[in-house]
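Report on the structure given below.
The values are calculated or read from the model by the stated rules, or taken from the named source; none is laboratory data. Keep in mind it's a predicted model, so treat the numbers as computed, not measured. Positions of Cβ are backbone-derived with ideal geometry, glycine not excepted, and every protein chain shown enters the neighbour counts. Accessible surface areas use protein heavy atoms only, side chains included; no ligands, DNA or RNA. Shrake-Rupley method; radii C 1.70, N 1.55, O 1.52, S 1.80 Å.
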Amino acid sequence: MDADLVSGSADQVAGSRTEREIASQPDCWLRAAELAQGIAGVLPARGERVAVIGCGTSWFIAQSYAAAREESGQGETDAFTASEMPLGRRYDRLLFLSRSGTTTEIHELASRLRGSAPSVAITADADTPVGRSADSVIELAFADEESVVQTRFATTELALLRAHLGIDIAPAAAAAERVLAEPVPQELLAARQFTFLGTGWAYGLANEAALKLRESAGMWTESYPAMEYRHGPAAVTGAGSVVAFFGPVPDGLAEDVAAAGGLVWASDTDPLAALVRVHLVALGIARSRGLDPDRPRNLTRSVILR
């Protein structure tokens, strides 16, 4: 047995922190669902026009929540990356997503928009620039991470927001437990390229899945709304390509992927649980390439501009 493990120094194993954070997701989701019951008055109310703002992973979670909120009939919801939000639009509530609470673009936008509409920040630490710039803060310290690449914080954030929409999180958590108990399919670990396709609220998760593999493993990945696959992205599919679906697979699309020589990866599990499998794939590929998922190349835990 590895001497580091004998001595209890599991952090010496590349990606061990990320691995533990990935494994903790189902418990975090259930805790977030309980929390959602007590903060209903802080999050957007039915009928409000809402803007959700984030950067990187937080932007993709914003996309998923915005689509899920509209699908549930609770009101018009837009998702923006902080640097591209149109400042002239009027909203009933602003929702800022930032794990660290220190991301420069989000902090500056929250400060600039302060007073234009009631604002809420979801972060791991309320006592940060983003937290202090919002009218209300929801602190998810229990889901914070040591790793640079977000896994459990982002999914816990989305679990909280989905629970607030009235969605039962327990089935997703149970599905994630099953994913964590299964071996990662070898054909996914051996792929040379991934294209992630999503429909509805799961499109944001397709974007997030692609980002995870780029960040952790330096993989060539792409992501699109599912029906856009035929409009160009199909050209990159071939031997060694995986085309993964989040949400329902549109009629005929799986056959098109197979005809192009790609491997179709689709599951009827909750898309949030399917993202957990991508986390495991990213971890496995990174290790096979000699990379440390805890410390990805060219990235920091928060983007702070000087």
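General remarks:
- Taking the listed residues Ala159, Ala202, Ala143, the one that is within 30 Å of Asp27 (Cβ to Cβ), touching an Asp or Glu at 6+ places or on another chain (Cβ under 8 Å), modelled with pLDDT of 95 or more and buried (at least 24 other Cβ atoms within 10 Å of the Cβ) is Ala143, with no other qualifying.
- Among (1) over 18 Å from Ala266 (Cβ atoms); (2) outside any helix (DSSP H, G or I); (3) in contact (Cβ under 8 Å) with a residue 40 or more places away in the chain; (4) in contact with a strand residue (DSSP E or B) (Cβ under 8 Å, 6 or more places away or on another chain), the one test that Glu146 misses: (4)
- Pairs are defined by a Cβ separation below 9 Å, a sequence spacing of at least 6 or placement on different chains, a first member in region 116-133 that is surrounded by fewer than 20 Cβ atoms within 10 Å (Cβ to Cβ) and polar (S, T, N, Q), and a second member that is in a loop (DSSP other than H, G, I, E, B) and at pLDDT 95 or above; the pairs so defined are Ser116/Arg90; Ser116/Tyr91.
- Meets criteria (without any contact (Cβ under 8 Å) to a residue 60 or more places away in the chain and either more than 17 Å from the chain's Cα centre (by Cα) or open to solvent by less than 40 Å² (accessible area, probe 1.4 Å) (or both)) for Pro171: no
- In region 71-111, residue least open to solvent (accessible area, probe 1.4 Å) [restricted to those that are in contact with a Cys (Cβ under 9 Å, 6 or more places away or on another chain) and assigned to a loop (DSSP other than H, G, I, E, B)]: Ser98
- Summed over region 215-229, residues that are at pLDDT below 95 and not acidic (Asp, Glu) total 5.
- Checked against (1) outside any helix (DSSP H, G or I); (2) at pLDDT 95 or above; (3) open to solvent by less than 60 Å² (accessible area, probe 1.4 Å), Ile39 meets all criteria but (2).
- Yes/no for Ala274 being exposed (fewer than 13 other Cβ atoms within 10 Å of the Cβ) and among the small types (Gly, Ala, Ser): no
- The set of residues in region 172-227 being farther than 17 Å from Ile22 by Cα and of a type in the set (S, T, N, Q) consists of Gln186, Gln193, Thr195, Thr199, Asn207, Thr221, Ser223.
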